[in-house]
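A.B. asks: First the structure, which I've put down as structure tokens, then a few questions once you've had a look.
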Amino acid sequence: MEHFFIGMGVSILFLMLCNLYRVVAGPTVIDRILGVNVIGIKTTVLIILLGTIDRRVEMYIDIALGYALLNFITTIAVARFYQRIAPTVNSDKKESLHSASPSALIDEGAAVAGSAGGKGEIK
Amino acid sequence: MKPFARIILFLCAVMMLTATVDLPDWADPGSPASTHLSPGFIEQGYHETATPNVVTAVLADYRSYDTLFESVVVFAASLVVMLVLRRTSTGTSRIKHFRPKREGRDTILRGAAQSIIPVMQIFALYVLFHGHYSPGGGFQGGVIFGASFILLSLCYSLKFAMQRFKEKMVLICCACGALLYAGIGAVCLAMGWNFLGYAGLAGLLGVTDVMARSHGILAVEAGVGITVMAVMVSLYYDLASGGDMEEGL
Amino acid sequence: MTWDANLLWQFDMLILLMMVICAVAALSLKGLVSSAVVTGAYSFFTCLMWTHMMAVDVAFTEAAVGAAVSTVIIVATAQYINPWSKD
Amino acid sequence: MIIDILVITMMITGLVFFTGTTVGIIRFPDFYTRVHAAGKGDTLSTVMFLGAMSLYILRDFSGESLLTFIKLILIVLYIFIASPTATHAIIDAGYEFRVPYWTRPSDKPSNEDDATDINKTMEDISI
């Protein structure tokens, strides 16, 4: 039974490695935070799995409970950051508006969407 | 200049990697760290302090000076952040963001926060007071308790959270935690023992020396927890609002 | 209960690989919030590594601070920083 | 023996759903579809894994294992609340941030005025 648990843990770690692609190469910040959210949930499962392998679940379960309660604070913080600071549309640049497409977003999105606070108006 | 810096970086990496060869293995029983002090702590810890979790005993009893000044450092960090950022009137050079109205669109977030925040606070108290028997202690419990106020401020607004936990109250909690810690040490000193020698509490509480050390650890952890909780909330208030406490993240 | 180091070397290799990827990405990404988010992912793997090495108290501290507070504070600070300034 | 078979079945089901989530997150072309994949699959597979683990813990019954079982049920409950809420917050942020949605390249709208409301380019976003 333990070898089965170890196999399960290694499979979950491989899936986390695949999700890390979305975190590192995601076009926008919101894709990245989605990947981090998924990785956090998998971490909760993996901690309990490690505890079962070590036969000390009652020690490890507090960490997992803490993760289950705390994991989504980061997600909500970044989501609030982009909910409250909505884009202002510059109506002069109609040409560039029409050229918006997912491929253009992937090329330049990581540089532009990640930077915050730069063009805020200074009063 | 850049390739030169890379060569230096590579050489430093090679030197550090060669130095790791001399380090002892993981879980090596013959390593210097586990031959001098650790056997003493592991063998004597439970008989001297009645605390099954050795980490808590070492942190709050054998090395309590260290923990005292750690909490003082955390307290000083919050004071410095407040000193640098806090301003009462709205300044002239502050970055103003355009924020859309969000009436009635936060209902799901607020419902989830209402169901999670009480459990989070109870869990924080459990972690704080169960630190003798399971992983956890003052620092972890304080951080989780502070995170509950951060979650309240995120899901509602900064003003709403500051009505519940006022700024003056935050500062009072900051100072009171560190004062509780140092006060216990002073009581021990007044009873004729060393500073932070918890056996001095035995006469006051009417218990044996071993149980007095256990109760002393508990009181000290509560002080650390109060300080850390208030410091986390204070850091969030100052940093998220840019110093004028008007709108948060 | 004994801790068999040879049994779980796959966990070590995968977690360390992901930590290295996260560290390199957090330094090389352009945006400030992107770096903050990748730092949050890094703290998850650090907590897994401490758990795997059976340092449970350290793992709990890392879980509480890394999952809740540190990323929130970094993101809250990033909204007042001009990313195109030269300093 | 029966419990072992049940545990293995539930874990493999959970792993299948985790794999589906990962494939969705990597392969889907659009932010909104990725959030859909993550929100559905992750919650269910986490519940599958934790349910299997709680069955495995209850195999040798004692007071301590009962306490661990109750904590596991609490984890399941709060992941069930927290994970969809986080997904909702993310997708709301994406909607406010005007992340463009994906259309099939062949039926892109020829009338360009229709597309101006939602497909705003990232250059104009000032935050």
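A.B. asks: Can you tell me which residues in segment B:186-210 are part of a loop (DSSP other than H, G, I, E, B), under 18 Å from B:Glu221 (Cα atoms) and among the aliphatic types (A, V, I, L, M)?
C.D. replies: Of everything in segment B:186-210, just one residue is part of a loop (DSSP other than H, G, I, E, B), under 18 Å from B:Glu221 (Cα atoms) and among the aliphatic types (A, V, I, L, M), namely B:Leu196.
A.B. asks: If you don't mind, there's one more thing I want to ask. Could you list all residues from segment C:13-41 that are in a loop (DSSP other than H, G, I, E, B), open to solvent by 10 Å² or more (accessible area, probe 1.4 Å) and either in contact (Cβ under 8 Å) with a residue 12 or more places away in the chain or among the charged types (D, E, K, R) (or both)?
C.D. replies: Listed by number, the list holds a single entry, C:Lys30.
A.B. asks: What are the residues in segment B:2-34 that are in contact with a Pro (Cβ under 8 Å, 6 or more places away or on another chain) and hydroxyl-bearing (Ser, Thr, Tyr), if any?
C.D. replies: Matches in segment B:2-34: B:Ser31 only.
A.B. asks: Just a yes or no: is a residue in segment B:74-84 within 29 Å of B:Cys176 (Cβ to Cβ), open to solvent by 100 Å² or more (accessible area, probe 1.4 Å) and at pLDDT 85 or above?
C.D. replies: Yes, segment B:74-84 has at least one match.
A.B. asks: A follow-up question, please. How many residues does segment D:42-60 contain that are over 16 Å from A:Phe5 (Cα atoms) and open to solvent by 20 Å² or more (accessible area, probe 1.4 Å)?
C.D. replies: 4
A.B. asks: Here's a follow-up. Being facing chain D (nearest Cβ under 7 Å) and under 11 Å from the mean Cα position of the chain (by Cα) is the filter here; which residues of segment A:30-70 pass it?
C.D. replies: Within segment A:30-70, A:Ile30, A:Asp31, A:Ile33, A:Leu34, A:Gly35, A:Asn37, A:Val38, A:Ile41 meet the criteria.
A.B. asks: Moving on. If we scan segment D:34-41, do we find a residue that is more than 10 Å from the chain's Cα centre (by Cα), of a type outside the set (A, V, I, L, M) and open to solvent by 30 Å² or more (accessible area, probe 1.4 Å)?
C.D. replies: No: segment D:34-41 contains no residue that is more than 10 Å from the chain's Cα centre (by Cα), of a type outside the set (A, V, I, L, M) and open to solvent by 30 Å² or more (accessible area, probe 1.4 Å).
A.B. asks: Could you list, in sequence order, the residues of segment C:44-75 that are in contact (Cβ under 8 Å) with a residue 24 or more places away in the chain and either open to solvent by 10 Å² or more (accessible area, probe 1.4 Å) or facing chain A (nearest Cβ under 7 Å) (or both)?
C.D. replies: C:Thr46, C:Leu48, C:Met49, C:His52, C:Met54, C:Ala67, C:Ser70, C:Thr71, C:Ile74, C:Val75
A.B. asks: A further question follows. Kindly indicate which of A:Arg80, A:Arg56, A:Arg84, A:Arg22 is under 27 Å from D:Ile70 (Cα atoms) and modelled with pLDDT under 90.
C.D. replies: A:Arg56 is the lone residue from the list that is under 27 Å from D:Ile70 (Cα atoms) and modelled with pLDDT under 90.
A.B. asks: In addition: Pick from B:Met232, B:Met245, B:Met162: which is assigned to a helix (DSSP H, G or I) and within 14 Å of chain C (Cβ to nearest Cβ)?
C.D. replies: That would be B:Met232, the only listed residue that is assigned to a helix (DSSP H, G or I) and within 14 Å of chain C (Cβ to nearest Cβ).
A.B. asks: Look through segment B:99-118, keep the residues that are within 14 Å of chain C (Cβ to nearest Cβ) and open to solvent by 10 Å² or more (accessible area, probe 1.4 Å), and return whichever of them is nearest to the chain's Cα centre (by Cα).
C.D. replies: Taking the candidates together, the pick is B:Ile117.
A.B. asks: Looking at (1) at pLDDT 90 or above; (2) within 7 Å of another protein chain (Cβ to nearest Cβ), find the lone condition where D:Asp92 falls short.
C.D. replies: Condition not satisfied by D:Asp92: (1).
A.B. asks: Please go through segment B:53-85 and give me each residue that is outside any helix (DSSP H, G or I) and touching a residue at least 60 places away in the same chain (Cβ under 8 Å), ordered by number.
C.D. replies: B:Asn53 - this is the single residue of segment B:53-85 that is outside any helix (DSSP H, G or I) and touching a residue at least 60 places away in the same chain (Cβ under 8 Å).
A.B. asks: I'd like to know if segment D:13-24 contains one or more residues that are surrounded by fewer than 15 Cβ atoms within 10 Å (Cβ to Cβ) and outside any helix (DSSP H, G or I).
C.D. replies: No, there is no match, as no residue in segment D:13-24 is surrounded by fewer than 15 Cβ atoms within 10 Å (Cβ to Cβ) and outside any helix (DSSP H, G or I).
A.B. asks: Another question about this same structure. Could you give every pair whose Cβ atoms fall below 9 Å, whose first residue belongs to segment A:8-25 and is within 7 Å of chain C (Cβ to nearest Cβ), and whose second residue is charged (D, E, K, R), counting only separations of at least 6 or pairs across chains?
C.D. replies: A:Leu13/A:Lys42; A:Met16/A:Lys42; A:Val23/A:Asp31; A:Val23/A:Arg32; A:Val24/A:Arg32
A.B. asks: Now for a different question. If we scan segment D:26-49, do we find a residue that is touching a Lys or Arg at 6+ places or on another chain (Cβ under 7 Å) and in a helix (DSSP H, G or I)?
C.D. replies: yes
A.B. asks: Also: What number of residues within segment A:1-42 are under 17 Å from C:Ile15 (Cβ atoms), β-branched (Val, Ile, Thr) and open to solvent by less than 20 Å² (accessible area, probe 1.4 Å)?
C.D. replies: Number satisfying all stated conditions: 7.
A.B. asks: Just to be sure before I move on: is B:Gly136 surrounded by 16 or more Cβ atoms within 10 Å (Cβ to Cβ), touching a Ser or Thr at 6+ places or on another chain (Cβ under 9 Å) and on the phi < 0 side of the Ramachandran plot in the structure I sent?
C.D. replies: In short, no.
A.B. asks: Can you tell me which residues in segment D:51-61 are modelled with pLDDT of 85 or more and more than 7 Å from chain A (Cβ to nearest Cβ)?
C.D. replies: D:Gly51, D:Ala52, D:Ser54, D:Leu55, D:Leu58
A.B. asks: Write out, first by first residue and then by second, each pair whose Cβ atoms fall under 6 Å of each other, whose residues are 6+ apart or on separate chains, and whose first residue, in segment B:233-249, is on the phi > 0 side of the Ramachandran plot while the second is crowded, with 20+ Cβ neighbours inside 10 Å.
C.D. replies: none
The values are calculated or read from the model by the stated rules, or taken from the named source; none is laboratory data. Being a predicted model, the structure only gives us computed values, none of them experimental. FYI the Cβ positions are ideal-geometry reconstructions off the backbone, even for glycines, and counts take in every protein chain you see. Each accessible area value is taken on the protein alone, full model and side chains, heavy atoms only, with ligands, DNA and RNA left out. Shrake-Rupley method; radii C 1.70, N 1.55, O 1.52, S 1.80 Å.
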